[in-house]
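For reference, the structure discussed in these notes is given below.
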Amino acid sequence: MKKVLVPAALLMLALTGCASKTHKTPVAKTTTTVTTQSTKTDVQIDGRKEVAYLCGNGSVKNPLRVMYGLQGQNIVAAQVSYQGALSPVLMRDTSDVNYNTFVSPQGITWKAALSNSDTVDRVGAVSLVQPARQIVNGQEQIVSQIVTQNCVIDDGRVTVAPTKKVRTTKTVTTKKVYKHKK
């Protein structure tokens, strides 16, 4: 039986506190333990970075946000927010050397281009996938269902922090002739 221990909830809380487009914020070191049928993983999170994407095919693009959990330069966890739904904490699958792939014990998968903590907000993503039941050749099977794909960085979405009122001035240039007095 798959189960996620209580410390995984602490990681989720540590990853969800950020609301800006992209930034790296130091957080208190958090340790989480995720246990599945065959693996046990302990992860310490040193920082986090939130990235906004636009996903979909053609001209129809939907916003998607990912909070990445960082450990030094490595990205070790992710949590996806898409269409009002928040994924469980997804842990990095280090066996995939071609992509940053994150998987939950429930089988939800987020796959992004290979990057580190400095470049994660500059690279696109491949897809968000979840398991689904489907009848194949008369038998029910669990298959991967694409939730969304073809994600690019959302450069148009800028989260503006409150700023002070700035006084503007108008600059006028004129030609002034000076006479020297003797």
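The values are calculated or read from the model by the stated rules, or taken from the named source; none is laboratory data. Worth saying up front: this structure is predicted, and the values here are computed from it rather than measured. Note: ideal-geometry Cβ built from the backbone for every residue, glycine included; neighbour counts use all protein chains shown.
Could you say whether any residue in the stretch 55-62 is in a strand (DSSP E or B) and either modelled with pLDDT of 80 or more or within 13 Å of the chain's Cα centre (by Cα) (or both)? Yes, there is a match, as at least one residue in the stretch 55-62 is in a strand (DSSP E or B) and either modelled with pLDDT of 80 or more or within 13 Å of the chain's Cα centre (by Cα) (or both). All of Gln141, Gln130, Gln79, Gln149 fail the test of being outside any helix (DSSP H, G or I), farther than 19 Å from Tyr53 by Cα and not small (Gly, Ala, Ser), apart from Gln141. For the stretch 89-113, a residue qualifies if it is among the hydrophobic types (A, V, I, L, M, F, W, C) and under 13 Å from the mean Cα position of the chain (by Cα), and the qualifying residues are Val89, Leu90, Met91, Phe102, Trp110, Ala112, Ala113.
For the stretch 80-90, a tally of residues being touching a Ser or Thr at 6+ places or on another chain (Cβ under 6 Å) and either without any contact (Cβ under 8 Å) to a residue 60 or more places away in the chain or under 16 Å from Ser127 (Cβ atoms) (or both) returns 2.
Would you be able to say whether some residue in the stretch 100-111 is surrounded by fewer than 13 Cβ atoms within 10 Å (Cβ to Cβ) and either in contact (Cβ under 8 Å) with a residue 60 or more places away in the chain or not in a strand (DSSP E or B) (or both)? No; the residues of the stretch 100-111 include none that is surrounded by fewer than 13 Cβ atoms within 10 Å (Cβ to Cβ) and either in contact (Cβ under 8 Å) with a residue 60 or more places away in the chain or not in a strand (DSSP E or B) (or both).
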